[in-house]
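Structure first, then comments.
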Amino acid sequence: MESSTTTARSHRPIRRSPWWLAAVAGALVLLVLVGIRVLPGGSTDTEAVAQWDEPAAPIGAGGAPSAGGTSIPTGSPSPVPSGSPSASPTKSPAKSPSGSPTGKVTPPLSPLGVRPTTVKLDLQGWWAWSIVNRRTGAVSGSANMGETSTTASLIKAWLTADYLRRAAADGVTPTEAKLADLTKIIRDSDNTRTDTLFTEIGRTESINRLVGICKLTDSGPAADGGWSRTALSPRDTARLGVCIADGRAAGDTWTTWLLNEMRLVRGVGDFGIRHAFPAAQRKTIAIKNGWVERTKEQEYHVNCLAISGDWTMGVMTRYPVALGWDYGMDNCRKIAEQLRAPA
């Protein structure tokens, strides 16, 4: 009897109140919401990812957090979801109507002073020219600007630069007597002092250094091993001018000194390119010229190098010896007059 009574009680329907059903339903909803929060891809997970773009706390040395911030390894960028807006976008500087940032307006460049053009002259013999725009590095010139001729005294600018650069590299300061010799070589084109200098710096080894340091493409040492017959093209002459002006030739210590000496060239060596310019500008142009009578070839070789602030120019000529040295000197100037930009 007792067991039947227990069975009957177990099958008796249980009545639940409405409040109990509401509590169960609420618990189920809560479980669903928690599942959404912790599972990737849920709506609240999207919001959390967007917060990774917030500025992080400053990072100290070795990735240590600063001022209580979360440590991020040094050099590791904070993850930013693709397409998510930055919380602190970097603002571009405001621009003036001309397009340049406000507060600093770049003034326009002054005219270059020279420009490539077709030079029209009825000259005897061979001649060629080249210009390097020092602002852009552009090289221009006559169709034959890559052909070579002998430099004569023009090469003395390099020989002097080579000595000074190497002396500075060796920690040697030239004596006053040595500097006086170099002044005579540049300003007065002294040949005896040049012979001594050429031997001192290794003769053709110096010309090989010229080709390498100044990145020449057409030129090289003389077949006879001397300095006067060094083979140089007008294009490489203009490149030599750039090499002197930018400090590669003479080095940081002596470039200013050398350029000043070249502005002070005097006497018979002061001719050619810079005389195509007004007197006030002429004194700012550094030069080194070369002129020689080649008895074997029965030619005059007359050459001109000029260095200005924004350009360099090389002009080379050779022609029958009967025309005299002043024929070439005048023609250097005439070629430069046509290459000079209109005022």
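The values are calculated or read from the model by the stated rules, or taken from the named source; none is laboratory data. As the structure is a prediction and not an experimental result, all values here were calculated from the model. Note that we place each Cβ from the backbone using ideal geometry, even for glycine, and neighbour counts take in every protein chain shown. Please note that ligands, DNA and RNA were not included when accessible areas were found on the heavy atoms of the full protein model with its side chains. Shrake-Rupley method; radii C 1.70, N 1.55, O 1.52, S 1.80 Å.
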*Are any of the pairs Lys120/Lys215; Lys215/Lys296; Lys215/Lys288 more than 24 Å apart by Cα-Cα distance, and if so, which?*
Lys120/Lys215; Lys215/Lys296
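How much of the accessible area of region 145-237, in percent, comes from carbon and sulfur atoms when a 1.4 Å probe is used?
Answer for region 145-237 is 48 percent, counting heavy atoms of protein chains only.
Can you send over the carbon and sulfur percentage of the accessible area for region 249-335, probe radius 1.4 Å, protein chains only?
Heavy-atom surface of region 249-335 belonging to carbon and sulfur, 1.4 Å probe: 51 percent.
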*Averaged per residue, what accessible area in Å² does region 179-305 show with a 1.4 Å probe, protein chains only?*
41
*Highest first, please rank the peptides 249-256, 169-176 by the mean number of other Cβ atoms sitting within 10 Å of their residues.*
249-256, 169-176
